[in-house]
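Just below is one structure, and these are the notes that go with it.
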């Protein structure tokens, strides 16, 4: 997918990040996005919903309704919770075909995040994306 074919909410997110000049501003924006996430109820913070491969605790809950996937998530770390919010914005509200067609690494690169994340955070992010894509493909 080229940037012109990204859904409007993803393009809006890319545009928002493009106004932030340095990494610190982007970092704070990611944290702010995380603060906007609804916390997951304790009863869904189970091992089954925990994302493997994340250094921080990350929970991801998926629900498919009328061929459209809806994801919710949470983390115990501020920056990671922001990354969860970004992943949810990219994938939630889409069909399996749309999810598998999205190039998340290109989107993250356009957000200016991929080159600034630690190896652990990048692996955790890849684990979240991998799990969503695997569920959509199943």
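Each reported figure results from applying straightforward, stated rules to the coordinates on display, with no laboratory input. Bear in mind that the values here come from a model prediction, so they are computed numbers and not experimental data. Here the Cβ positions follow ideal geometry from the backbone for every residue, glycine too, while neighbour counts run over all protein chains shown.
Placing a label point 7 Å from the Cα of residue 101 along the Cα-to-Cβ direction, the residues of the range 112-138 with a backbone N closer than 19 Å are 132-138. Take the Cβ atoms of residue 48 and residue 118, set R0 to 30 Å, and the FRET efficiency comes out at 0.65. Placing dummy labels 7 Å off each Cα toward the beta-carbon, the span from residue 8 to residue 67 is 2.1 nm.
Comparing 118, 75, 127 in a Gaussian network model of the chain, where Cα atoms under 10 Å apart are tied by springs, the biggest mean-square fluctuation is seen for 118. Per the Debye formula on identical point scatterers at the alpha carbon atoms of the chain, with no solvent, log10 I(q)/I(0) at q = 0.15, 0.17 Å⁻¹ is -0.70, -0.91. In percent, rounded to a whole number, the relative contact order of the chain is 28, using alpha-carbon pairs under 8 Å and six or more apart. Look at where the Cα atoms of the range 99-136 and of the range 4-81 average out, and the two centres are 11 Å apart.
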